[in-house]
1. Being assigned by TED's automatic domain parsing to the domain that holds Phe47 and more than 17 Å from Val166 (Cα to Cα): is that true of Asn59 here?
2. Residue by residue through region 288-301, note down the ones that are touching a residue at least 12 places away in the same chain (Cβ under 8 Å) and either in contact with a helix residue (DSSP H, G or I) (Cβ under 6 Å, 6 or more places away or on another chain) or on the phi > 0 side of the Ramachandran plot (or both).
3. Would you tally the residues in region 269-316 being out of contact with any Gly (no Cβ under 8 Å at 6 or more places or on another chain) and either under 30 Å from Ala192 (Cα atoms) or not in a helix (DSSP H, G or I) (or both)?
4. Do we find a residue being assigned by TED's automatic domain parsing to the domain that holds Phe118, out of contact with any Gly (no Cβ under 6 Å at 6 or more places or on another chain), on the phi > 0 side of the Ramachandran plot and loosely packed, with under 14 Cβ neighbours inside 10 Å anywhere in region 188-198?
5. Whether any residue in region 21-30 is at pLDDT 90 or above and closer than 25 Å to Gly291 by Cα is what I want to check.
6. Would you check which residues across region 58-106 are farther than 26 Å from Ser28 by Cβ and in contact with an Asp or Glu (Cβ under 7 Å, 6 or more places away or on another chain) and list them?
Amino acid sequence: MGLYDRDYGRDDQNSYQTSWDRVQKPRSMTVTLIIINVVIFLISMLFFDNGSKGGESFNILRFFGFVPTTLFEPWMWWQFLTYGFFHDLNSIWHIVFNMFMLYVFGRMVESRMGSAEFLRFYLISIIVGGFIGAITGLVTNSMPAAAESGDAMQLAAPTIGASGGVLALVVMFACYFPQQELFLWGIVKMKAWVLAALCVGMDLVGSLFTLAGGETSTAFTVHLAGAGFALAYHYGHWNFRWLSFGSAPDIRGKMRQRSRRMKLKLHDPDKKLRKEADEADRLLAKIHQTGEESLTASERKLLERYSRRQREKRNQ
């Protein structure tokens with residue numbers, strides 16, 4: 001009998017939401033980000049004028065994108081975030097490709113991280129990519145093209161596009177689900193880790209070409225910075241919960257609660273059972289995402305023990 005056939009005895013009347021429920025009915029931050037990008041693209045089109053010199057009557061891309069010299073203007077550092085929400089107005093394929101990749105890889109990474117941490121990871125990866133892109137732009141003494149992919153609008157055009165954050169998600173997906181099979185262009189079948197390695201390898205070659213003085217319309221170093229950030233996040237076991245504004249007001253409450261526990265030393269006999277139930281929920285979510293074969297021997301034993309305890313409880 002497989003794990004999917006076993007009864008893990010969940011109480012459907014529980015008022016709290018388990019990790020299993022969150023996987024089944026996630027609140028998608030990925031879709032929200034896609035909507036924001038599309039809306040910004042449509043608004044940007046209102047300022048687009050093919051007949052004017054430079055492409056726009058008001059250069060909205062220059063205002064929200066960054067150039068290497070932005071590093072010397074701290075009051076403009078917000079551009080290292082906003083650039084990731086603007087795309088090339090000369091070609092719709094820039095935003096189409098980025099949003100497609102964001103949708104495909106973002107949903108699974110979000111289900112693993114949780115919506116809040118996913119958003120923090122995505123935004124920080126864009127910021128890191130922006131700073132690294134600006135630094136390498138100064139090193140090569142060249143200005144990046146208008147878009148990360150596509151034709152350059154002019155020589156000193158700003159860097160824009162979500163590709164750095166998107167590649168960070170591709171790498172995180174490969175870290176979480178390395179053996180997941182994907183179809184490149186809907187034709188070539190490959191493992192997730194192979195696809196991520198291929199993307200990083202291409203950007204590495206492009207970055208070396210740029211650093212050697214080559215001219216390109218693609219911000220390879222921004223992409224590579226996003227990938228490097230994702231690897232550091234995964235293997236460094238990072239977490240950005242401390243950036244949550246909602247947790248700050250609760251610090252005093254948590255300190256008071258800890259103080260009471262130290263004084264009273266409350267005995268909670270059900271704590272172990274609740275912890276085991278939470279762990280079972282986490283493992284079921286893992287099965288849902290990566291399959292039963294991804295479980296370790298100890299994880300299988302925990303699920304079997306939890307299932308047996310729930311059956312005994314119902315038979316009493």
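1. Criteria met by Asn59.
2. His288, Glu292, Glu299
3. Result for region 269-316: 28.
4. no
5. Checked against the condition, which is being at pLDDT 90 or above and closer than 25 Å to Gly291 by Cα, region 21-30 yields at least one hit.
6. Within region 58-106, just Asn90 meets the criteria.
The values are calculated or read from the model by the stated rules, or taken from the named source; none is laboratory data. Computed from a prediction, not measured in an experiment: that's the story for all the values here. Glycine gets a Cβ as well: all are built from the backbone with ideal geometry, and neighbour counts include every protein chain shown.
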